[in-house]
Each structure stands twice: as structure tokens, then as C-alpha cells.
Amino acid sequence: MNGLAIEFDSATRSFSRRLFAEPVPQRGEIVVRVTRCTICGSDLHTFLGRRDAPPNCVLGHEMIGAVVGWGDEVTPADFHGRPLCVGQRVTWAMAVGCGQCFFCRNGLTQKCQSLFKYGHESWTGKPTGGLSNYCVLVPGTPVFSIPDSLPDEVACPANCATATVSAAMRLLNETHSVKGSVALIVGAGTLGLTAAAQLSVSGAREIVVVDPIPERIDLSRDFGATHGLNSTNRDQVHSILKSLTDGRGADITLDFAGANDAVQTCLDLVRVGGCVMLAGSVFPSDGISFLPERIVRRMLTIRGVHNYLAGDLDQAIRFLESTKDRFPFEHLVSKTFGLTQTKAAFDYAVANRSLRVAVRM
């Protein structure tokens with residue numbers, strides 16, 4: 001089978017086709033035949049020119065596929081130490097660290113000093129992005145088996161959206177109790193809806209979701225939201241939160257929108273001693289102003305999350321499997337395109353503000 005990858009040129013914001021021979025894995029590598037890739041919000045930011053991409057980059061990091069082969073005599077194992085087999089349906093961690101640098105040694109492998117990221121690298125002779133019918137996994141990549149019970153549309157976003165939310169939940173639980181809490185989510189995209197679902201499963205008492213798109217607010221209720229507002233009016237949101245908390249404000253606020261107004265809302269509407277979790281600001285923007293005294297006197301915890309640890313992806317897959325009959329994750333992918341229709345897929349996602357669009361190989 002010949003290889004086909006779709007490269008992106010960030011200077012012209014255009015796509016082009018690259019043909020290549022079926023990859024032959026070297027020592028430590030695993031070749032996967034990609035079956036499906038969903039277009040992440042960060043891919044759209046790159047496509048729209050809000051963030052840069054390296055030259056000759058094959059975008060796409062929310063992907064799954066089937067194992068074709070590997071470059072060692074010894075059979076490689078998945079994250080749990082179970083041997084892989086040819087044809088096995090798998091996904092893998094988006095970011096791969098070296099395991100030796102300061103950040104890897106201190107639990108921040110996603111910030112490795114020599115980090116490798118699928119869907120974020122220049123072409124070096126082997127495909128490493130999801131918009132290709134093959135992907136070569138570099139040595140050390142954590143690989144995860146996909147349960148047969150999870151459809152492609154549900155499984156694909158696991159190795160970005162779902163795992164990132166799992167990382168946010170892990171960080172939240174380090175400092176604050178989710179059970180019984182009142183949470184505010186700003187941004188009801190795939191991450192915001194997933195956060196509502198995970199907060200619901202974790203026992204949050206009230207989950208308030210804010211987004212300017214009415215259809216997303218309607219959908220948020222299916223993902224565990226107790227209150228939805230298709231308004232970004234801070235006073236209106238504050239009024240609801242005060243009524244739910246005896247005037248204190250939200251215990252936890254989470255931004256998945258990335259706009260400065262959204263970040264400001266999260267800072268303003270969290271209670272004294274509460275936690276602000278920021279995950280949406282993944283592209284450059286102007287700064288915001290805040291008074292350090294307010295942070296100090298209100299004793300706020302402000303945390304940022306970017307990418308995730310391999311264990312977060314493991315938790316994400318287990319979460320999707322355990323809640324497949326509770327939340328309609330399969331409805332988040334609105335349309336599927338073929339690989340040669342990649343440009344049309346991006347155009348459709350932008351024009352329709354789709355939660356997720358899929359590319360099928």
C-alpha cells in the first residue's frame with residue numbers, strides 16, 4: 001500500500017499531497033496504519049494562522065490506527081506491558097519525552113527539553129501526523145489498546161481532548177475537592193463538554209456551562225451540565241453562581257475558550273480560596289490585567305494545563321469506556337471526510353464551528 005500524507009504550509013495556509021513508500025520501521029519504531037483522525041481546535045488555530053507550524057508539517061494528533069509492524073525482534077508492549085500484535089487497534093500519547101531531562105525527571109514529560117509531538121513536526125522522511133494513512137511511532141511512545149466497544153468517533157479525541165481534561169482533573173484534585181463542588185466551565189467545545197462529563201462523574205454538585213452558541217449549551221446538558229447560559233454576560237453568570245453558592249462564587253472555574261474575556265470571567269467569578277484552571281489559551285493573545293493583591297487576598301489557586309501525561313491518556317480511555325452509555329460522545333463528530341478532502345474538512349469545521357470533524361483514511 002502506497003503512503004499518502006497531507007502537508008500543511010503555514011506561510012500560505014495551504015495543503016499539498018506527499019506520496020511515500022510504505023514505511024519500514026527501524027529499531028524501536030512501530031508503524032501504524034492510520035484509520036481515522038479528528039481535527040482538533042489547535043489544528044484549526046494553525047490553519048487560521050493564529051499559531052505557527054514547522055515547515056512541511058503533517059497536522060493531526062487525534063488519531064487511531066492498526067499496528068502494521070515494528071523494528072525489533074522482540075514484540076513491543078503497550079502502556080500496561082501487554083504485548084502488541086499486528087492489526088491491533090491502538091492510539092498513542094501525543095507528546096513523547098526523553099525520560100532523562102529535568103522536566104521528565106520531575107513529572108512534566110509533556111514539557112521535555114527535546115519533546116517530540118505527533119502532528120507538530122516537520123517531515124523528515126517518515127509520517128508522524130494524523131493526516132496520513134501511515135504514522136511511524138518514535139521509540140518510547142506510550143501505546144494504548146482501544147477497546148472494541150469504543151467507536152472510532154469516540155476514541156479519536158481521546159489522545160488530545162479527553163486526555164487534556166483528565167490532566168486538568170488530576171491537577172484539580174491535587175488541591176481541591178471536586179465532589180460536592182460548584183464548577184463554572186467557560187467554553188462548551190469538545191474539551192468543555194468533556195469536562196462537564198468528568199466533573200459530573202466525579203460528583204460535582206452544580207456544573208454551570210457558558211458558551212455563546214445555543215446548540216452547544218443544549219448539548220452540554222447531555223454531558224452533565226446542570227445550568228447552561230448561551231451568554232458571556234459576566235453579571236448574568238455571576239448572578240446564577242451567587243444563587244447556587246450563598247454569594248461565594250464558584251469553587252472551581254475552568255476556561256476552555258482561550259479568549260481573554262473567558263479567562264477574566266474565570267478569575268472574577270471564583271470564590272475565595274477557589275481554583276482557576278486555564279486550558280484554552282493555546283495561541284498567542286494580548287495580555288490581561290489583574291491586581292496581584294486580589295489574588296493574594298482571595299487566596300486563589302491558578303493552574304495551567306497543556307498537553308498531558310501518559311497516565312492521563314490511560315484514564316481518558318477508561319473514562320470513555322465506562323461512560324459510553326451515559327454521555328453521547330459519538331455525536332461530537334458532525335461529519336467525516338476522506339484524506340484527499342482534507343482542505344474541505346478544515347473549511348467545513350471553520351464555517352460550521354464544528355465540535356469535531358473527522359478524516360477517514
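Rounded to 0.05, the FRET efficiency of the A344 and R248 pair, given R0 = 45 Å and the Cβ-Cβ distance, is 0.40. Using a Förster radius of 45 Å, what is the FRET efficiency between E22 and I288 based on their Cβ-Cβ separation? Nearest 0.05, please. So the FRET efficiency works out to roughly 0.35. Dimensions of the chain from C-alpha coordinates, computed as largest minus smallest value along each principal axis and given longest first, are 63, 41, 40 Å. The stretch between E215 and A259, if pulled fully straight at 0.36 nm per residue, gains 13.9 nm over its current Cα-Cα span. Taking the DSSP bridge list for the chain and keeping only pairs wholly inside it, about 55 percent are antiparallel.
Dipole of the chain computed with +1 at Lys/Arg Cβ and -1 at Asp/Glu Cβ about the Cα centre; of S200, G69, N173, farthest Cα towards the positive end is N173. Principal axis extents of the C-alpha atoms in region 255-323 (largest first, rounded to whole Å): 43, 28, 19. Rounded to the nearest 500, the helix-only mean residue ellipticity at 222 nm of the chain stands at -8000 deg cm²/dmol, with each DSSP H run of n ≥ 4 adding -39,500 (n - 2.57). Legend: Rg and Dmax of region 131-176, from Cα coordinates, 13.9, 43 Å. Could you tell me how far the Cα centroid of region 1-69 sits from the Cα centroid of region 216-285, in Å? Each part's Cα centre sits 34 Å from the other's.
Semi-axes of the equivalent ellipsoid of region 80-195 are 27, 20, 15 Å, computed as sqrt(5λ) over the eigenvalues of the C-alpha gyration tensor in descending order.
Of the solvent-accessible surface of region 1-149, computed with a 1.4 Å probe and all protein chains present, 51% belongs to carbon and sulfur.
Measuring nothing but alpha carbons in region 288-344 and taking Rh as the Kirkwood radius, the Rg to Rh ratio lands at 1.22.
Accessible surface computed residue by residue for region 71-160, with neighbouring protein chains in place and a 1.4 Å probe, gives 43 Å² per residue. The residues packed around T340, meaning those with a beta-carbon under 11 Å from its beta-carbon, carry a net charge of +3 if Lys and Arg are +1 and Asp and Glu are -1.
Specify whether the C-alpha gyration tensor of region 1-151 places it in the rounded, prolate or oblate class, a ≥ b ≥ c being the square roots of the eigenvalues: rounded for a/c under 1.5, otherwise prolate if a/b is larger than b/c and oblate if not. Oblate, because a/c is 1.5 or more while a/b does not exceed b/c.
Once the C-beta distance of R82 and S334 is scaled by a Förster radius of 35 Å, the resulting FRET efficiency is 0.55 to the nearest 0.05. The alpha carbon centroids of region 286-318 and region 124-165 are separated by 25 Å. In plain terms, the chain is cut at each of the trypsin sites (Lys or Arg not before Pro) found in a DSSP loop with at most 16 other Cβ atoms within 10 Å, and the longest leftover piece is 52-178.
Heavy atoms of the protein chains alone define the surface here; on that basis region 172-310 has 43 Å² accessible area per residue at 1.4 Å probe size.
A Cβ-based charge dipole, computed about the Cα centre of region 312-361 with Lys and Arg at +1 and Asp and Glu at -1, lands at about 220 debye.
The values are calculated or read from the model by the stated rules, or taken from the named source; none is laboratory data. These figures come from a predicted structure and were not determined experimentally. Cβ sites come from the backbone with ideal geometry, for glycine too, and all protein chains shown count toward neighbours. Just the protein is used for accessible areas: all its heavy atoms, side chains included, with ligands, DNA and RNA removed. Shrake-Rupley method; radii C 1.70, N 1.55, O 1.52, S 1.80 Å.
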